[in-house]
Amino acid sequence: MQPFMTLLCIVLVCLSVALGGCLFIILRQRKQVFLDLAGIAHDLSGACGIVQQASALQKTSGNVFYTDMLTMQSAYIVLLCRTLCTLVQKKQTLGSVRRLGDASLCVRDICMQMECFLQTKNVELEFESRGSCTARFDALSLQRIVQNLILNACEAAQGRGRIHVVVDGAGDQDSISILVRDDGHGIPQDKLHTIFLPHATDKRQQHLHGLGLPSAARLAALHKGSLRVQSQEGVGSCFCFSFPR
C-alpha cells in the first residue's frame, strides 16, 4: 500500500506542476492578447489625432494635400480596426501578412502622411533611403512601428527640432534597418532599460500613454527583428528597427 501511495503522491505532484504551468501559459497569453489590443487602441488614438489635426488644417487652408493625408490615415484606421476584429476572433496573429516589397517606399509614404502634422508642431521631418530596401514585411505592422517612433520623437522635440528617418538597406545584405533620430530632450540612462515595458512613462495625463514603444517592440519581435535605442540627455535619441529581408 505504501509504494502505491508514494506513486500516487508523485503523480499528483507532477499533475499539479503541469497544471500550474498550463495556467501560467494561459494567463501569460491572455495578458499578451490584452497588451496587443491595448497597443492597437493606442495606435488608433494617435491616428485619430492626426486626422483631427489634418481636418482642421484642410478647413482653414483648402490645401488638397490635407485631403490626401486624411484619406491615407483613414485607410490606416480601417486596417487597424480590421486587425482588432481578427485578433478578437482569433483568426489572425499580428504581423502574419508579409509580402515582398520596397520598405523604403512604404516608410516614405508614412513620412509624407505625417509631414504636415509635424509642421503644426514646429518639427521638421527629413527622409533618407540607402541601398536596396526590398524585403518581406507586414505593411501595417511597419506603419505602426514607424508612426509610433515618429510620434514619440515629435513629443521628445517639445515643439521644436528635427526628425531624421533613414531606411538603410546598404549596411547588411541580409537585413533592413529603419532609424528614427530626434534632437529632443533625450532619455535618462536609468530609464533606458524600462522604456519598452508597458506604461513605463512619465506622461500620466492619458491612460493610453506608455503603450506605443512596447507595442512597436512586440511587432518588431514578430518580424524576427529587434528595436533598439541609443539616447543622451540634452542631445536626442535614435531608435533602430532591424529585421531580416
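With the structure loaded, tell me whether L57 is hydrophobic (A, V, I, L, M, F, W, C), surrounded by fewer than 16 Cβ atoms within 10 Å (Cβ to Cβ) and at pLDDT below 80 or whether it fails that test.
Numbers: hydrophobic (A, V, I, L, M, F, W, C): yes; surrounded by fewer than 16 Cβ atoms within 10 Å (Cβ to Cβ): no; at pLDDT below 80: yes.
Answer is no for this residue.
Residues that are under 17 Å from the mean Cα position of the chain (by Cα) and farther than 19 Å from G236 by Cβ were ranked within segment 107-125; the one that is surrounded by the fewest Cβ atoms within 10 Å (Cβ to Cβ) is D109.
Residue-by-condition table, conditions (1) within 30 Å of D174 (Cβ to Cβ); (2) surrounded by fewer than 17 Cβ atoms within 10 Å (Cβ to Cβ); (3) in contact (Cβ under 8 Å) with a residue 40 or more places away in the chain:
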residue	(1), (2), (3)
L105	yes, yes, no
I150	yes, no, yes
A156	no, no, yes
R160	no, yes, no
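Residues of segment 118-134 include at least one that is in a helix (DSSP H, G or I) and at pLDDT below 95. Out of (1) within 18 Å of E233 (Cβ to Cβ); (2) at pLDDT below 95, the odd one out for R181 is which? The failed condition is (2). Scanning segment 162-179 for residues that are without any contact (Cβ under 8 Å) to a residue 60 or more places away in the chain and either under 16 Å from L211 (Cα atoms) or of a type in the set (A, V, I, L, M, F, W, C) (or both) yields I163, V165, V166, A170.
Do we have any residue at all in segment 108-115 that's over 24 Å from C48 (Cβ atoms) and out of contact with any Ser or Thr (no Cβ under 9 Å at 6 or more places or on another chain)? Looking for residues that are over 24 Å from C48 (Cβ atoms) and out of contact with any Ser or Thr (no Cβ under 9 Å at 6 or more places or on another chain), one finds none in segment 108-115, hence no. In segment 69-91, the condition of being under 30 Å from V33 (Cα atoms), at pLDDT 90 or above, within 21 Å of the chain's Cα centre (by Cα) and small (G, A, S) is met by no residue.
The values are calculated or read from the model by the stated rules, or taken from the named source; none is laboratory data. What you are looking at is a predicted structure, and each value in this text was computed from that prediction instead of being measured. Glycine gets a Cβ as well: all are built from the backbone with ideal geometry, and neighbour counts include every protein chain shown.
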